[in-house]
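Read the structure below first, then the notes.
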Amino acid sequence: MAAAAAARRKQELEWTGRVTAAAPAATADEAWALLSDFLAFHRWHPGVAKCRRVSGSPRSPGCVRYCEGVPGRAGGVAGAADWAHETLLEHDAAGRALRYEMNDNNMGFGTFFATLSVAAAGAAAGTGGCELRWEFECEPVAGTAKEALAARLQDGIDGMARRVEEALAGRRGDAAAAAVAMEAANSGDVNKLGTSIAV
């Protein structure tokens with residue numbers, strides 16, 4: 001009986017796929033540190049304007065978030081923002097992955113599961129960087145081609161990779177500026193009172 005139910009469910013989820021984006025300037029650990037917060041999706045996905053907690057803890061299964069898209073960007077009713085409630089099913093820090101289910105939404109999705117993960121890229125070749133991966137399995141969406149869904153997710157993950165790299169570049173720039181200021185302060189001119197003046 002359980003096997004029959006699982007087979008039936010598998011048939012219902014006939015759309016599956018994966019989109020990826022390279023982030024060569026970010027290590028997998030750096031990218032995961034930013035993306036692992038289930039409630040910070042709006043910081044990284046360019047099509048998500050708001051993301052807030054409905055219930056639960058952001059790194060604990062059962063956490064529910066409300067995400068709202070940029071008005072008029074895609075899907076949904078013309079001029080209105082897409083929205084969805086999503087439930088965190090698994091948060092795997094060691095595997096750098098989180099799995100969630102989309103619940104009620106205005107985009108026409110029925111059953112929808114996704115896994116967002118970060119993998120080291122080029123480790124064997126010593127090139128560093130990482131790859132963001134977004135896998136999905138869902139029921140077909142009426143009036144939408146699977147390729148259109150994959151293209152929309154690809155656009156999202158490409159934007160997420162850019163934002164992750166920009167955030168890390170900003171942090172590295174701030175750290176480099178602080179190091180230069182510290183070095184200048186340590187090697188600055190000394191005035192008559194014996195205090196250092198940064199040059």
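Residues in the stretch 23-58 that are in a strand (DSSP E or B) and among the polar types (S, T, N, Q): S55 alone.
Only one entry in A181, A185, A176, A167 is surrounded by 10 or more Cβ atoms within 10 Å (Cβ to Cβ), at pLDDT below 55 and under 29 Å from H45 (Cα atoms), namely A176.
Checked against (1) among the small types (G, A, S); (2) more than 15 Å from the chain's Cα centre (by Cα); (3) modelled with pLDDT of 95 or more, A97 meets all criteria but (2). Residue check: L88 meets all listed conditions (1) in contact with a Pro (Cβ under 9 Å, 6 or more places away or on another chain); (2) farther than 22 Å from R133 by Cα; (3) modelled with pLDDT of 95 or more; (4) hydrophobic (A, V, I, L, M, F, W, C) but one, namely (2).
Of everything in the stretch 22-69 that's of a type in the set (D, E, K, R) and over 22 Å from A169 (Cα atoms), which residue is modelled with the lowest pLDDT? Break it down stepwise before answering.
Filtering the stretch 22-69 down to residues of a type in the set (D, E, K, R) leaves 29-30, 37, 43, 50, 52-53, 59, 65, 68.
Next, only the ones that are over 22 Å from A169 (Cα atoms) stay: 50, 52-53, 59, 65, 68.
Details: K50: 97, R52: 98, R53: 98, R59: 90, R65: 99, E68: 97.
In this case the residue turns out to be R59.
E131 satisfies every condition listed in (1) under 15 Å from L35 (Cα atoms); (2) surrounded by fewer than 19 Cβ atoms within 10 Å (Cβ to Cβ); (3) not polar (S, T, N, Q) except (2).
Residue count for the stretch 124-139 satisfying the condition of being among the β-branched types (V, I, T) and modelled with pLDDT of 95 or more: 0.
The values are calculated or read from the model by the stated rules, or taken from the named source; none is laboratory data. The structure displayed is predicted, hence computed values, not measured ones. Every residue, glycine as well, gets a Cβ built from its backbone with ideal geometry; the counts of neighbours run over all protein chains shown.
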